[in-house]
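A quick write-up on the structure given underneath.
The values are calculated or read from the model by the stated rules, or taken from the named source; none is laboratory data. What you see is a predicted model; the values in this text were computed from it and never measured. Backbone-built Cβ (ideal geometry, glycine too); neighbour counts: all protein chains shown.
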Amino acid sequence: MNAPGLDSVFGSVHLGYLVIESNQLADWRRFGADAIGLHCDELDNGLLRFRLDDQQCRFLLRRGPAEDVVAAGWHIDDHTTFEQIEARILAHGVPVTHGTAEEAAARGVARLLRFPGPKGIAQEIYAEPLMADEPLRMRASGFVTGDGGMGHIAITSTKPTQIRGYFTTVFDARLTDYIDETISGIKAKMRFLRVNERHHTIAVANVQGLPIDPIRTSIQHLNIQAATLDDVARSYQRVCELGFDMSLSVGQHTNDKELSYYARTPSGFDWEVGWNPVVVDESTWEPTTYQGISIWGHTPVGQTIIDRLDQFRLAALSLGHREETVPALAGDGIPDD
């Protein structure tokens, strides 16, 4: 475990891109470009890339059967910190591989290093993002990236303390807060972890008292932050008009105060578009436990009894699956405070 200190990489790590594997690239193009409002580039080899800002790639869509996020890319501030993280991984006996020139080019980075991550999501680090030559062509006015990275990911887990331990070991993640919530009679606890000024870059939820995971995909949702409230409203309208499913209506979260909605992606996990979350002040922040995820709104949209039964089926199936946690990097796990 790496305590904050002189060798801490906290603040030098930013969520940079996600790699999504899907056989529904046409639907993904409509969802990302036409509904959410992102810039879309179609590469010669059949890959899709979405941009939020000047970086060449924020989302890479590649053809394949997973219908899931398969890799997370982390922008590291400099090569010294990059090599420090690499040394950590190797010191724990975990193998690393260098991405090929073709893989780096597809992701819009100069070079990348890959190593195993929780839930089967490969973790990739890079120090030099490549900037696009062409101006953005988006339906949205813009998105907030910068020092906070491009957003966050949320996962469900049967081993949440090990996942918290993993991101603390690798990136010196810090606990921001907790949320306790009861959903359809099931009690869940959510942990929110930050690696920079963004309130959280990783959220981890588990069903309390039961070793089940009700989510098929490796992530439950991903989040991007819109520049304006108008962008949130207009993208919500486009999602509905284009016939994509809405998972949760507009609402505001209790802990980070972000106003957002959740749409269902073509691959089945959710995509949150939010606005105006709080920024953490490291000199004063203290972790807090909140009761419920929302101050108002975020009500389920169009959920049927069949949907709920399917979640119970997935939860039952998860009992027979061994969840990947990369024990060598998780330490003994961090007990809840």
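Annotations for the structure displayed:
- So Gly251, is it without any contact (Cβ under 8 Å) to a residue 40 or more places away in the chain, more than 17 Å from Gly37 (Cα to Cα) and not assigned by TED's automatic domain parsing to the domain that holds Arg51: no
Conditions tested, residue by residue: (1) out of contact with any Ser or Thr (no Cβ under 9 Å at 6 or more places or on another chain); (2) over 22 Å from Met190 (Cβ atoms); (3) charged (D, E, K, R).
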{"site": "Asn206", "(1), (2), (3)": "no, no, no"}
{"site": "Gly209", "(1), (2), (3)": "yes, no, no"}
{"site": "Asp213", "(1), (2), (3)": "no, no, yes"}
{"site": "Gln237", "(1), (2), (3)": "yes, yes, no"}
{"site": "Gly274", "(1), (2), (3)": "no, no, no"}
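- The C-beta contact set for the range 259-285 (first residue touching a residue at least 12 places away in the same chain (Cβ under 8 Å) and assigned by TED's automatic domain parsing to the domain that holds Arg216, second residue in a loop (DSSP other than H, G, I, E, B) and of a type in the set (Phe, Trp, Tyr), distance under 7 angstrom, 6+ apart or interchain) comprises Ala263/Phe244; Arg264/Phe244.
- Within the range 208-233, being under 19 Å from the mean Cα position of the chain (by Cα), surrounded by fewer than 21 Cβ atoms within 10 Å (Cβ to Cβ) and more than 30 Å from Gly146 (Cβ to Cβ) holds for one residue alone: Arg216.
- Filter result (among the charged types (D, E, K, R) and either touching a strand residue (DSSP E or B) at 6+ places or on another chain (Cβ under 6 Å) or assigned to a strand (DSSP E or B) (or both)) within the range 129-158: Arg137
- Strands (runs of 3 or more DSSP E) contained in the range 1-94 and holding at least 1 residues among the hydroxyl-bearing types (Ser, Thr, Tyr), buried (at least 16 other Cβ atoms within 10 Å of the Cβ) and not assigned by TED's automatic domain parsing to the domain that holds Ser218: 13-22
- Check on Ser294, modelled with pLDDT of 95 or more, of a type in the set (S, T, N, Q) and touching a Leu at 6+ places or on another chain (Cβ under 9 Å): yes
- Check on Ile163, part of a loop (DSSP other than H, G, I, E, B), modelled with pLDDT of 95 or more and not assigned by TED's automatic domain parsing to the domain that holds Ala35: no
- Verdict on Leu193 being assigned by TED's automatic domain parsing to the domain that holds Thr156, in contact with a helix residue (DSSP H, G or I) (Cβ under 6 Å, 6 or more places away or on another chain) and buried (at least 19 other Cβ atoms within 10 Å of the Cβ): yes
- Given (1) out of contact with any Leu (no Cβ under 9 Å at 6 or more places or on another chain); (2) surrounded by 21 or more Cβ atoms within 10 Å (Cβ to Cβ); (3) closer than 20 Å to Phe143 by Cα, index of the condition His200 fails: (1)
- Hey, Thr254 surrounded by fewer than 22 Cβ atoms within 10 Å (Cβ to Cβ), farther than 30 Å from Pro65 by Cα and in contact with a Phe, Trp or Tyr (Cβ under 8 Å, 6 or more places away or on another chain) or not: yes
- Any hit, the range 179-190, residues being in contact with a strand residue (DSSP E or B) (Cβ under 7 Å, 6 or more places away or on another chain), surrounded by 21 or more Cβ atoms within 10 Å (Cβ to Cβ) and within 26 Å of Cys57 (Cβ to Cβ): no
- Unmet requirement for Gln123, which otherwise passes all of (1) polar (S, T, N, Q); (2) buried (at least 18 other Cβ atoms within 10 Å of the Cβ); (3) not in a strand (DSSP E or B): (3)
- If you go through the range 185-215 and keep only what is assigned to a loop (DSSP other than H, G, I, E, B) and either within 20 Å of Ile295 (Cβ to Cβ) or modelled with pLDDT of 95 or more (or both), you end up with Val195, Asn196, Glu197, His199, His200, Thr201.
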